[in-house]
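K.L.:
Let me begin by handing over the structure; questions about it come next.
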Amino acid sequence: MKGVFAVVLVAGMGLAGTAAQMVRSELRAQADEIARQRAAAAEAVPTVEVYAVARAMAYGETLGPDDVRMIRYAEAFLPAGAFRNEAELFPLGPDVPRVVLRPMEPQEPVLASKVTEPGADAGLPQRLARGMRAFAIRVDATSGVSGFLRPGDRVDVYWTGDAGRAGQVTRLIEPGVRLVAIDQSSDDTATRVGVASNVTVEATPGQVARLAQAQATGDLSLSLVGLADATAAAAIEVDQRALLGLEAPRAVPDAPPVAPPPVCTVRTRKANELSEARVACGAG
């Protein structure tokens, strides 16, 4: 009987040890999982809720409450101009929508630069920066880069006209101005290529005055600037002699001045009278 009791006691102690080991392993696994979750939470990027479009939207479409939804976006990478609540997106109420200025894909955040102000249309004034003005330039297939211009492109503006004694001159007058419309369209997503009759550029009031004077006194031509080109064009002027590689005419020096002939006189006093007479210089 004592032997059986000893066997049971040893077995019970073994089972107890095994159970204790299992409990310690489970507690260790739980502690490791908690530590892992805490580390993951510490590395997680904070997010915020912003408005995004619920469907693909094209230029000119109306953006209303049914076209947007809330998504979570990494706060550290949130673009400027995002809308985080309905009061920001529709400040005049849900019945006063905005208009899309840039194409947007589903789940793309709505940005202030991609939509108009509430109630405004997608017209030209919405594309002008603060303090800038719109100025139209007449173009054709030659001066308008054969129809390859689109709103948003940058162009250098050249003037060709009569510069007086220098004759016909071509001069760069405004480098890197931005196009805001082609003919009557400000849609920069249009794929149609055609020869425009006029383009509209964004310019300061001073630039507008120079462009207006240049257009009234000569011909304007445009040169398309590359998208990745950030260089500033230097002052450029070409006349007919520079074009043909001719030397400029040398100035003829003026003839030296001719000195007047010397004048010699002789004074004679008679009594109280003094008389003066001209004589040949060097005589007598």
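K.L.:
Work out from phi, with θ = phi - 60° and the Karplus expression 6.51 cos²θ - 1.76 cosθ + 1.60, the ³J(HN,Hα) of each residue of the stretch 50-65, listed in order in whole Hz, and give x for Gly and Pro.
P.N.:
9, 7, 9, 6, 8, 8, 5, 10, 10, 4, x, 6, 7, 9, x, x
K.L.:
Loop only per DSSP, at most 12 neighbouring Cβ atoms within 10 Å: give me the chymotrypsin sites (Phe, Trp or Tyr not before Pro) in the stretch 86-171, ordered by residue number. Before the final figure, lay out the partial values.
P.N.:
Working: sites: PHE135, PHE148, TYR158, TRP159; in loops: PHE148.
Hits after loop and neighbour filter: PHE148.
K.L.:
Just reorder LEU222, LEU244, LEU227, LEU27 by solvent-accessible area, largest first, 1.4 Å probe, all chains present. Could the numbers behind the result be given before it?
P.N.:
Values: LEU222 15, LEU244 125, LEU227 165, LEU27 100 Å².
These residues rank, largest area first, as LEU227, LEU244, LEU27, LEU222.
K.L.:
Around VAL115, which amide H atoms from residues at least 5 apart in sequence, or from another chain, sit under 5 Å from its own amide H, with H modelled in the peptide plane?
P.N.:
When sequence neighbours closer than 5 places are left aside, the close amide H contacts are LEU101.
The values are calculated or read from the model by the stated rules, or taken from the named source; none is laboratory data. Here the structure is a predicted model, which is why all the values come from computation and not from measurement. Backbone-built Cβ (ideal geometry, glycine too); neighbour counts: all protein chains shown. What goes into the accessible areas is simple: the full protein's heavy atoms, side chains included, and nothing from ligands, DNA or RNA. Shrake-Rupley method; radii C 1.70, N 1.55, O 1.52, S 1.80 Å.
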